[in-house]
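Please read the structure below before turning to the comments.
The values are calculated or read from the model by the stated rules, or taken from the named source; none is laboratory data. The model shown is predicted, which means the values in this text are computed figures rather than measured ones. Cβ placement follows ideal geometry from the backbone for every residue including glycine, while neighbour counts extend to all protein chains displayed. Heavy atoms of the whole protein, side chains included, go into the accessibility calculation; ligands, DNA and RNA do not. Shrake-Rupley method; radii C 1.70, N 1.55, O 1.52, S 1.80 Å.
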There are 2 protein chains.
Amino acid sequence: MEKIPYKIYLEEKEMPKAWYNVRADMKNKPAPLLNPATLQPMTAEELSGVFCEELVRQELDDSTAYIPIPDEIRDFYKMYRPSPLVRAYCLEKKLDTPARIYYKFEGNNTSGSHKLNSAIAQAYYAKKQGLRGVTTETGAGQWGTALSMACSYFDLDCRVYMVKVSYEQKPFRREVMRTYGASVTPSPSMETEVGKRILAAHPGTTGSLGCAISEAVEAASVREGYRYVLGSVLNQVLLHQSVIGLETKAALDKYDIRPDMIIGCAGGGSNLGGLISPFVGEKLRGEADYRLIAVEPASCPTLTRGKYAYDFCDTGMVCPLAKMYTLGSGFIPSSSHAGGLRYHGMNSTLSQLYADGVMEAVSVEQTSVFEAAQQFARIEGILPAPESSHAIRVAIDEALRCKETGEEKTIVFGLTGTGYFDMVAYAKYNDGEMQDFIPSDADIAAALSKLPEVE
Amino acid sequence: MEKIPYKIYLEEKEMPKAWYNVRADMKNKPAPLLNPATLQPMTAEELSGVFCEELVRQELDDSTAYIPIPDEIRDFYKMYRPSPLVRAYCLEKKLDTPARIYYKFEGNNTSGSHKLNSAIAQAYYAKKQGLRGVTTETGAGQWGTALSMACSYFDLDCRVYMVKVSYEQKPFRREVMRTYGASVTPSPSMETEVGKRILAAHPGTTGSLGCAISEAVEAASVREGYRYVLGSVLNQVLLHQSVIGLETKAALDKYDIRPDMIIGCAGGGSNLGGLISPFVGEKLRGEADYRLIAVEPASCPTLTRGKYAYDFCDTGMVCPLAKMYTLGSGFIPSSSHAGGLRYHGMNSTLSQLYADGVMEAVSVEQTSVFEAAQQFARIEGILPAPESSHAIRVAIDEALRCKETGEEKTIVFGLTGTGYFDMVAYAKYNDGEMQDFIPSDADIAAALSKLPEVE
């Protein structure tokens, strides 16, 4: 066997030709979305008012295992995919661990993250349906950037509601979106009814993801030829992101590598779900066993301290209800810098897998995350996004555990993106001014007490 | 012949094992560096006071064609190399041109540019010599970032003098360097004698590359176990950067592609020289013919409007003199945003090749450069650095010329880096507030009148 290279690249012809829909292999299917008015399962027709038709089909399909990737999307994928699966030789050496560490690096594109995988699919289906444009929200800005790029490629109008605190703290993110032709509005805004309502109730609020979602949904509904698109949480997003896991598995198979554990950071679940989907499938079909580990911030511990229940996906309560692990749609995460992980809920498929014990979860604190980020940057040369660094933290912890036990485990983790636009947070860490935020039991109980009542 | 993929990746085992020293194939060798005090050629001994010993050897060696790349450097290269040679299918389609466009993308590493190729080599030789640290200057910040990464990898102290205007405009660049453990000082500073002198003469100056070089050289000379390193201009840097051209050529050869022209942006010449070196070699040996095109900003037109003469490499006149195309070391480029191209001189090898007609040069204006940058970003998905976008501008112009003539030319250009830290400039362009700056003949004549007198 030849030495495993630093970077395993698939060839273009080895790229996946279909996405993998893990729901098809689940005995316990994720619970359906509910209409917030009737509390009945949302129909395709109801969903089509908000989402593109083909995306609604994908959202509701829990039985088709493989869904072909259209050629137009594959052509776009070829501009930045296949992404490398990297053997972290330098990190292994520095940690002096017998573990073998691999990471799937999704940051090598201008959006700086994996978000582009679903953005291009959603823009494609919107264009195919003859729409004029799409609306969305963005927090840290990675999804907004990805969608701007995708819309510019297909010549679609793109309107982004950006959480106000990020809009102000990350002017450069905003400019990247504008460079790709998107319009960017700080949320909450006076442009929407829900925005006005939230501003009236909470004057001076710096916004939240849940609130920006409400505004983007409303903005799509009042414009002819517009639909709303979402970069995480939904099952269609997990489907598109399965390209990450499929490539990872193909690269591992190419060198006969069998991982012991697969680690991903978890906000809404898009990257984690995409990365682990094919491995979950094998596990569910009894073909292999893996530890599958979700890593979330201690400041927003959805899986580890939340409740598995129906809840609103947004603050304005205009979206469907999803059954998921949640901290309550009214939960306001303290100002952690891992913006992309500050979401009160979790994708319903991953929630079901966690409830069934197929996947495990762990939460980590911010300062230890940045410690891992800095260590990784200095050794592996990539400046990781704070979100991604949650997975790095746990990968390093597991590798150090192997050092103690002498076990030669194979660790795979998802490096979802780069941190070029997160230097305010890095500066805080460099200056020793970073703090940890852990919500109290009382805060979580208070937010959970307001869950909607669904039998 | 199978279809050429979007991205041609070499395998790790196909990576160059030696750098190519184009001077070995030149009949007219570049002129030697001169001692500023005696105006005699600098000896190895004299240079060793400033530079690492092995780097001095490489600087003075104009006869060895191939210099082996040490394994330690190749291991580091493997973390981010081979870099892809990308077929710009989408750009070709959008321009509706019969031309075939390829670009060698060097931005897929945290320094955001090709600078890492030489930084790791220079850090390695410094470490091997047992030094404690190195000093350097940085303008736009790409070189400083690259050197910080390289020094952190080899556990060397790294002191960066950053042109003050960039230090203030690019706080995030500064933080990336700090994350990699470097100390960053705005230049001119009160830390050095030359800095104090410049500040006394020009109170409130926001600095220049030439001035930061003077400070970094002085800082190295007063510290035990320190040497000065430079990211461009020198022939050792061209040597290290030849890895770009060697990979490009190997990738083209793999698919039997013969380029008609090779285009690169030119500041000090490091990327351009590295990219074209192997092609220059073929041209000089009469094995092939190519158009080799240097693109410089109209605001700092070293090749197109400068003089081929001996000049100081720095403002403080502490560095050796080099024979090169120059606008005069006192030339102050107006505040163009392509920070990395704002240097009054040009590498001596490239200067000689230009004087001999082996290479041609063209200058382009800033607004047209950003127009090309935005177009490229929207079509090819990569947000290019302003410097790199100079090459994009000319590549697009040449492709459009092919459209008129119907010629199926093959165009290769160097995409040296990404623009994530240049969003202030993009914002200006997005807001329609960008201007062009072209120095007057009188300004250039004034600066050239102060060239040192060397017979």
Filter region B:151-164 for residues that are part of a helix (DSSP H, G or I), under 22 Å from B:GLU218 (Cβ atoms) and open to solvent by less than 40 Å² (accessible area, probe 1.4 Å) and give the result.
-> B:CYS151
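For every residue, the table says whether it meets (1) touching a residue at least 40 places away in the same chain (Cβ under 8 Å); (2) in the same structural domain as B:PRO188 (by TED's automatic domain parsing); (3) of a type in the set (Val, Ile, Thr).
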{"residue": "B:PHE279", "(1), (2), (3)": "no, no, no"}
{"residue": "B:ALA298", "(1), (2), (3)": "yes, no, no"}
{"residue": "B:TYR308", "(1), (2), (3)": "yes, no, no"}
{"residue": "B:THR315", "(1), (2), (3)": "yes, no, yes"}
{"residue": "B:ALA322", "(1), (2), (3)": "yes, no, no"}
{"residue": "B:HIS344", "(1), (2), (3)": "yes, no, no"}
{"residue": "B:GLN374", "(1), (2), (3)": "yes, no, no"}
Kindly indicate whether any position in region A:115-136 is part of a loop (DSSP other than H, G, I, E, B), in contact with a Leu (Cβ under 7 Å, 6 or more places away or on another chain) and crowded, with 24+ Cβ neighbours inside 10 Å.
-> no
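With the structure loaded, tell me whether B:ALA377 is farther than 21 Å from B:TYR290 by Cβ, surrounded by fewer than 23 Cβ atoms within 10 Å (Cβ to Cβ) and hydrophobic (A, V, I, L, M, F, W, C) or whether it fails that test. Let's see the steps before the verdict.
Numbers: farther than 21 Å from B:TYR290 by Cβ: yes; surrounded by fewer than 23 Cβ atoms within 10 Å (Cβ to Cβ): no; hydrophobic (A, V, I, L, M, F, W, C): yes.
No: the conditions fail for B:ALA377.
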Counting only residues that are assigned to a loop (DSSP other than H, G, I, E, B), open to solvent by 10 Å² or more (accessible area, probe 1.4 Å) and either of a type in the set (Asp, Glu) or in contact with a helix residue (DSSP H, G or I) (Cβ under 6 Å, 6 or more places away or on another chain) (or both), region B:346-357 contains a total of 1
Scanning for something free of Cβ contacts under 8 Å to residues at least 12 places away in the same chain and open to solvent by 60 Å² or more (accessible area, probe 1.4 Å), does region B:385-401 turn up at least one residue?
-> yes
Taking region B:174-190 and keeping residues farther than 30 Å from A:ASP422 by Cβ and either of a type in the set (Ser, Thr, Tyr) or touching a residue at least 12 places away in the same chain (Cβ under 8 Å) (or both) leaves B:PRO188
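Please state which one of A:THR405, A:THR410 is of a type in the set (Ser, Thr, Tyr), open to solvent by 30 Å² or more (accessible area, probe 1.4 Å) and more than 14 Å from chain B (Cβ to nearest Cβ).
Numbers: A:THR410 fails: open to solvent by 30 Å² or more (accessible area, probe 1.4 Å).
When all the criteria are applied, what remains is A:THR405.
Any residue at all in region B:163-174 that's within 20 Å of B:ILE332 (Cβ to Cβ), in the same structural domain as B:ALA150 (by TED's automatic domain parsing) and touching a Cys at 6+ places or on another chain (Cβ under 7 Å)?
Residues of region B:163-174 that are within 20 Å of B:ILE332 (Cβ to Cβ), as a first pass: B:163-170.
Pick out the ones that are also in the same structural domain as B:ALA150 (by TED's automatic domain parsing) and you get B:163-170.
Applying the additional criterion that residues be touching a Cys at 6+ places or on another chain (Cβ under 7 Å) yields none.
No, region B:163-174 contains no residue that is within 20 Å of B:ILE332 (Cβ to Cβ), in the same structural domain as B:ALA150 (by TED's automatic domain parsing) and touching a Cys at 6+ places or on another chain (Cβ under 7 Å).
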In region B:18-39, residues that are modelled with pLDDT of 95 or more and either open to solvent by 50 Å² or more (accessible area, probe 1.4 Å) or assigned to a helix (DSSP H, G or I) (or both) total 8
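Considering only region B:209-224, I want to know if a residue exists there that is open to solvent by 30 Å² or more (accessible area, probe 1.4 Å) and touching a helix residue (DSSP H, G or I) at 6+ places or on another chain (Cβ under 7 Å). Working first, answer last.
The first filter runs over region B:209-224 and keeps only residues open to solvent by 30 Å² or more (accessible area, probe 1.4 Å), leaving B:209, B:218, B:221-224.
Filter once more, so that each one left must be touching a helix residue (DSSP H, G or I) at 6+ places or on another chain (Cβ under 7 Å): B:218.
Within region B:209-224 (the criterion being open to solvent by 30 Å² or more (accessible area, probe 1.4 Å) and touching a helix residue (DSSP H, G or I) at 6+ places or on another chain (Cβ under 7 Å)), the answer is yes, since at least one residue qualifies.
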Total residues in region A:252-277, condition in contact with a helix residue (DSSP H, G or I) (Cβ under 9 Å, 6 or more places away or on another chain), surrounded by fewer than 24 Cβ atoms within 10 Å (Cβ to Cβ) and assigned to a helix (DSSP H, G or I) | 1
Check whether at least one residue in region A:415-425 is over 28 Å from A:GLU247 (Cβ atoms), in contact (Cβ under 8 Å) with a residue 60 or more places away in the chain, away from chain B (no Cβ under 12 Å) and in a helix (DSSP H, G or I), and report yes or no.
-> no
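Please determine whether any residue of region A:74-81 is surrounded by fewer than 17 Cβ atoms within 10 Å (Cβ to Cβ), within 12 Å of chain B (Cβ to nearest Cβ) and under 30 Å from B:GLY112 (Cα atoms). Before the answer, list the steps.
Quick first cut of region A:74-81, residues surrounded by fewer than 17 Cβ atoms within 10 Å (Cβ to Cβ) only: A:75.
Imposing the further condition that a residue be within 12 Å of chain B (Cβ to nearest Cβ) reduces the set to A:75.
Subset that is under 30 Å from B:GLY112 (Cα atoms): A:75.
So far as region A:74-81 goes, yes, one or more of its residues are surrounded by fewer than 17 Cβ atoms within 10 Å (Cβ to Cβ), within 12 Å of chain B (Cβ to nearest Cβ) and under 30 Å from B:GLY112 (Cα atoms).
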Can you find even one residue in region A:360-369 that is out of contact with any Lys or Arg (no Cβ under 6 Å at 6 or more places or on another chain), of a type in the set (S, T, N, Q), farther than 27 Å from A:VAL280 by Cα and part of a loop (DSSP other than H, G, I, E, B)?
-> no
Pairs with Cβ under 8 Å, 6+ apart, first in region B:197-211 and at positive phi, second surrounded by 15 or more Cβ atoms within 10 Å (Cβ to Cβ) and charged (D, E, K, R) = B:GLY207/B:LYS164
Qualifying position, being away from chain B (no Cβ under 12 Å) and touching a Gly at 6+ places or on another chain (Cβ under 8 Å), among A:GLU365, A:GLU398, A:GLU387 = A:GLU387
Report the residue count in region B:179-202 for those that are surrounded by fewer than 20 Cβ atoms within 10 Å (Cβ to Cβ), within 12 Å of chain A (Cβ to nearest Cβ) and not in a loop (DSSP other than H, G, I, E, B).
-> 1
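If you take the residues in region A:426-439 that are charged (D, E, K, R) and in a loop (DSSP other than H, G, I, E, B), which one is least open to solvent (accessible area, probe 1.4 Å)?
Initially, region A:426-439 is screened for residues charged (D, E, K, R), giving A:428, A:431, A:433, A:436.
Restricting the remaining residues to those that are in a loop (DSSP other than H, G, I, E, B) gives A:431, A:433, A:436.
Numbers: A:ASP431: 76, A:GLU433: 116, A:ASP436: 59 Å².
If we take residues in region A:426-439 being charged (D, E, K, R) and in a loop (DSSP other than H, G, I, E, B), then A:ASP436 is least open to solvent (accessible area, probe 1.4 Å).
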A:ASN108 passes all but one of the listed conditions (1) open to solvent by less than 10 Å² (accessible area, probe 1.4 Å); (2) under 17 Å from the mean Cα position of the chain (by Cα); the exception is number (1)
Kindly check whether there is at least one residue in region A:30-47 that is away from chain B (no Cβ under 14 Å) and among the acidic types (Asp, Glu).
-> yes
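Which residue, of A:ALA309, A:ALA355, A:ALA298, A:ALA288, is touching a Leu at 6+ places or on another chain (Cβ under 8 Å) and either under 24 Å from A:PHE105 (Cβ atoms) or not charged (D, E, K, R) (or both)? Don't jump to the end; show me each part of the working.
On the way: A:ALA355 fails: touching a Leu at 6+ places or on another chain (Cβ under 8 Å); A:ALA298 fails: touching a Leu at 6+ places or on another chain (Cβ under 8 Å); A:ALA288 fails: touching a Leu at 6+ places or on another chain (Cβ under 8 Å).
One residue alone meets the criteria, A:ALA309.
Within region A:94-112, which residues are part of a loop (DSSP other than H, G, I, E, B) and within 10 Å of another protein chain (Cβ to nearest Cβ)? Write out each step before concluding.
Step one: filter region A:94-112 for residues part of a loop (DSSP other than H, G, I, E, B), giving A:96-99, A:106-112.
Correct list: A:GLY107, A:ASN108, A:ASN109, A:THR110, A:SER111, A:GLY112.
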Where residues in region B:1-29 are among the hydrophobic types (A, V, I, L, M, F, W, C) and more than 28 Å from B:LEU284 (Cα to Cα), which of them is nearest to the other protein chains (Cβ to nearest Cβ)?
-> B:ILE4
Kindly indicate whether B:VAL369 is at pLDDT 95 or above and open to solvent by 10 Å² or more (accessible area, probe 1.4 Å).
-> no
Going through region B:149-178 one residue at a time, which ones are of a type in the set (S, T, N, Q) and either within 14 Å of chain A (Cβ to nearest Cβ) or under 19 Å from B:LEU116 (Cα atoms) (or both)?
-> B:SER152, B:GLN169
